[in-house]
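Visitor: One structure, pasted below without further comment.
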Amino acid sequence: MRTRTGLMVALTLALSASAAQAETWTVTSLGWQPFSGADLKKQGAGIHALRTALDTVGVDLKVKFMPWKRAKGVARNNPNVVGYYPSWPSEVVDGFFASQTVFKSPVGFAETESRPIDWQKPSDLADHRVGTVGAYIYPESFQKLVDSGDISTVEARDDATALRMLKDDRVDTVAIDKYVMRYHLNTNPALKGFGDQVSFDDKALVNYDLVLAFADNAENRERAKTLKKALGNVDTQQIIADYLQGLK
């Protein structure tokens, strides 16, 4: 009996020590379907990929969903939040640094079959009305032309609204992630039937990195090393592909 009791005590202590060593990371995120969203399966493809990687190094991931601008503000002001995710590198603002790439996804332009756009470089879009999301900071080659006024944009509150503007002929094209476009065309009732009329332009602006934007401090510099190790343990791009395949 004493031996059994001793083993139970030892096991309890070992489990307690393991629990004490476990770490939880809290990140803020946005509803950016299919990559992140509170109501999505596994909270979205991007969240699932990050969580799967962190599981391999014993880190538990907690996600708080909110509008994108607020997500950045909370990550800046709440010391219990390690950063915001998923972020394009262009979205990593002062006071934060980018993790190693978690996954990649093409960013380009949605166009209608009846009014395809003809462009080779972003400046070729100067004569087009381009739908954008006001809260986003797009890839530099495009964003700098938006900021300078060389490209005329019509801002929407989110990607689905931008696609509705394309449907209503309020814009000529929409700057958007390819899979975000597909998700909304397949699931949004307001866009029902429009998917047959829209395509993602063959020329992508960039196959863009998605990263975790860490708040810049010593602890998070160490966490970035942990994440790099975790990402080496899994094929996040395949995890994303498998998730997206399941949506079809």
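Visitor: Identify which of the listed values of Rg/Rh (Cα atoms, Kirkwood Rh) was calculated from the structure shown: (i) 1.08; (ii) 1.05; (iii) 1.16.
Guide: (i)
Visitor: Just want the ordering: His128, His184, from fewest to most Cβ atoms lying within 10 Å of their own Cβ.
Guide: Listing His128, His184 from fewest to most nearby Cβ atoms yields His128, His184.
Visitor: How big is the charge dipole of the chain about its Cα centre, in debye rounded to the nearest 20, if each Lys and Arg gets +1 on its Cβ and each Asp and Glu gets -1 on its Cβ?
Guide: Using only the charged Cβ atoms, the result is roughly 1260 debye.
Visitor: Mind pulling the per residue volume of the convex hull built on the Cα atoms of region 106-207? Å³ is fine.
Guide: 87
Visitor: Can you work out the FRET efficiency for the pair Phe97 and Gln238, with r the C-beta to C-beta distance and R0 = 25 Å, to the nearest 0.05?
Guide: E between Phe97 and Gln238, to the nearest 0.05, is 0.40.
Visitor: Another question about this same structure. Can you list the HN-Hα couplings for region 146-157, worked out from phi with the Karplus curve (6.51, -1.76, 1.60; θ = phi - 60°), rounded to whole Hz and with x for Gly and Pro?
Guide: Listing the rounded values in order: 5, 5, 7, x, 6, 10, 8, 10, 10, 7, 10, 7 Hz.
Visitor: With each pseudo-label sitting 7 Å past Cα toward Cβ, what's the Lys41-Asp216 distance in nm, one decimal?
Guide: 4.0
Visitor: Now a separate question. Pick out, in residue order, every one of the GluC sites (Glu not before Pro) in region 61-128 that is DSSP loop and has at most 15 other C-beta atoms within 10 Å; say none if there are none.
Guide: In loop regions of region 61-128 (DSSP not H, G, I, E or B), the sparsely surrounded GluC sites (Glu not before Pro) are Glu113.
Visitor: Per residue of the chain, what 222 nm ellipticity follows from adding -39500 (n - 2.57) for every DSSP H run with n ≥ 4, rounded to the nearest 500?
Guide: Helices in the chain give a 222 nm mean residue ellipticity of -11500 deg cm²/dmol.
Visitor: Just subtract the alpha-carbon distance of Thr187 and Arg115 from 0.36 nm times their residue separation and send over the number in nm, one decimal.
Guide: Taking Thr187 through Arg115 to full extension adds about 23.6 nm, to one decimal.
Visitor: Follow-up question, since we're still on this one. Tell me which trypsin sites (Lys or Arg not before Pro) from region 154-208 have a DSSP coil assignment and no more than 15 other beta carbons within 10 Å of their own.
Guide: Arg157, Arg170, Lys192, Lys203
Visitor: Using only alpha carbon pairs under 8 Å that are at least six residues apart, calculate the relative contact order of the chain and give it in whole percent.
Guide: Relative contact order, the chain: 27 percent.
Visitor: Taking the inverse of the average 1/r across all pairs of different Cα atoms in region 64-107, what Kirkwood radius in Å do you get?
Guide: One over the average 1/r among Cα pairs gives 11.3 Å for region 64-107.
Visitor: Let me ask something else about it. Taking the Cα centre of each part, how many Å lie between region 136-197 and region 71-123?
Guide: Region 136-197 and region 71-123 have Cα centres spaced 14 Å from each other.
Visitor: Let me ask something else. Where Rh denotes the Kirkwood radius from the mean inverse Cα pair distance, what is Rg over Rh for region 89-160?
Guide: Checking Rg against Rh, the ratio lands at 0.99.
Visitor: Can you tell me the FRET efficiency between Val57 and Asp202 if r is taken as the Cβ-Cβ distance and R0 is 41 Å, rounded to the nearest 0.05?
Guide: With R0 = 41 Å, the Cβ-Cβ based efficiency is 0.55.
Quick note: the coordinates plus some simple rules give every number you see, no bench work behind them. From a predicted model like this one, the values you see are computed outputs, not experimental measurements. Cβ coordinates were reconstructed from backbone atoms using ideal geometry, including for glycine residues, and neighbour counts include every protein chain displayed.
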